[in-house]
Each structure stands twice: as structure tokens, then as C-alpha cells.
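Down below is the structure, laid out as C-alpha cells.
Nothing in this text is a laboratory measurement; each read-out follows from the coordinates by a stated rule. These figures come from a predicted structure and were not determined experimentally. We place every Cβ from the backbone using ideal geometry, glycine too, and count neighbours over all the protein chains shown.
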Amino acid sequence: MESVTDYERQLAADMLETMYEARGIGLAATQVNKGVRVVVMDLSEGRDEPRFFINPEIVDRSGSQTCEEGCLSVPGIYAEVERAEKVTIRALDLDGEAFELEADGLLAVCIQHEIDHLDGKVFVDYLSPLKRRMVEKRLRKQQRAAKV
Ligand code: GNR
Ligand code: NI
């Protein structure tokens, strides 16, 4: 059994709180500047069904779907991204137990989005060069506005 440490458990709890405060449906450790492979998510209406993924991996993928994505790390920007329709995820839970999850729809989109974060990727990396330049321009404008 691989081990999950108290550090990762505490980080996951802190990340969940941050994610709820930011009204996001997922958060990856890289977004809070931590270099461990920890993801938290909650797609429930009641915001009371947290999911935790330690060292998540995509072990199978099929089909494709397009979803309008947003990201807490790229505020105010929304764009359509094409991803796999179904993915099978292998990960550890907070007790260090391995589990597999078959996901589709928004759950599949979200876990792919979060695993990308762990690999240093954000959804705007998938956009065409033109759209990316527009996004970067808007982000620079937002940053200037935030400084005054
Ligand atoms: O809150 C979020 N909503 C969302 C909507 C569509 C596709 C992906 C996401 S994830 C995002 C939170 C976030 O930035 N996680 O990294
Ligand atoms: Ni994100």
C-alpha cells in the first residue's frame, strides 16, 4: 500500500475549504502552490459530497465531449474545451487505499482539468493561438485594473 501522510490529509482539508470559499467544483494542489499530487472536488448541489484524489491517474479514456470551462486560476475567462467523454481514474483515498472511478460528463471534465493542473497545464493551453492571445490580453488588463 502506498502511504498518504498527515501532511497530505491536512492539505486536502485546507484545499476543500478554499475550494468551497471560492465556489469552485475542484481544486488541485498546484493552484495553492504545493507540489504534491492532491485533488479535491465536489460536484454535488448541497456542497456536501467532497471527493479526494491522491496521485490520480487516468488509466482509460474514450469518446469526446466539449464543455465550457472556467478556472479559479484564470478568473473571468470561460472557453469551450474538448476532452474525453469517459475516463477511468485510479487514485488513493485519504486513508491510502487505492480506488478506481469511472467518470463521465462534468465529473470526467473536472478530473481531467484537475490532473492537468498537477501537470502544470491550464485549460487555456488548449485554445487556438488567437484565442489564447485574447485571453492573455484580458488577463493583463484585469491585473492592471486590480493594481490601481
Ligand atoms: O469551479 C470550476 N468549474 C469548472 C467548470 C467547468 C470545467 C472545469 C471547472 S474546474 C473549476 C475550478 C478549478 O479551477 N479547478 O482547478
Ligand atoms: Ni482550474
Computed magnitude of the charge dipole of region 1-84 (debye, nearest 20; Cβ of K, R +1, Cβ of D, E -1):
180
Expressed as a whole-number percentage, the relative contact order of the chain with C-alpha contacts under 8 angstrom and at least six residues apart is 21
In nm, to one decimal, how far is the modelled label at residue 100 from the one at residue 7, with both set 7 Å along Cα→Cβ?
3.1
Grab the eigenvalues of the alpha-carbon gyration tensor for region 32-111, scale each by 5, take roots, and send me the semi-axes largest first in whole angstrom.
21, 17, 13
Taking the convex hull of Cα positions in region 1-146, its mean projected area over all directions (nm²):
9.2
Using just the Cα positions, wrap region 64-145 in a convex hull and report its mean projected area in square nanometres, one decimal place.
6.4
Need the full-extension length gain, residue 32 to residue 138, defined as separation in residues times 0.36 nm minus the C-alpha distance. One decimal, nm.
35.9 nm
What dipole magnitude, in Debye to the nearest 20, does region 48-148 give about its Cα centre under +1 on Lys/Arg Cβ and -1 on Asp/Glu Cβ?
1280
Tell me which residues come under 5 Å, amide H to amide H, from residue 69 once H is placed; ignore anything under 5 positions away on its chain.
79, 80, 81
Mind giving me the nanometre distance, one decimal, between the label points for residue 47 and residue 59, set 7 Å out from Cα along Cα→Cβ?
3.4
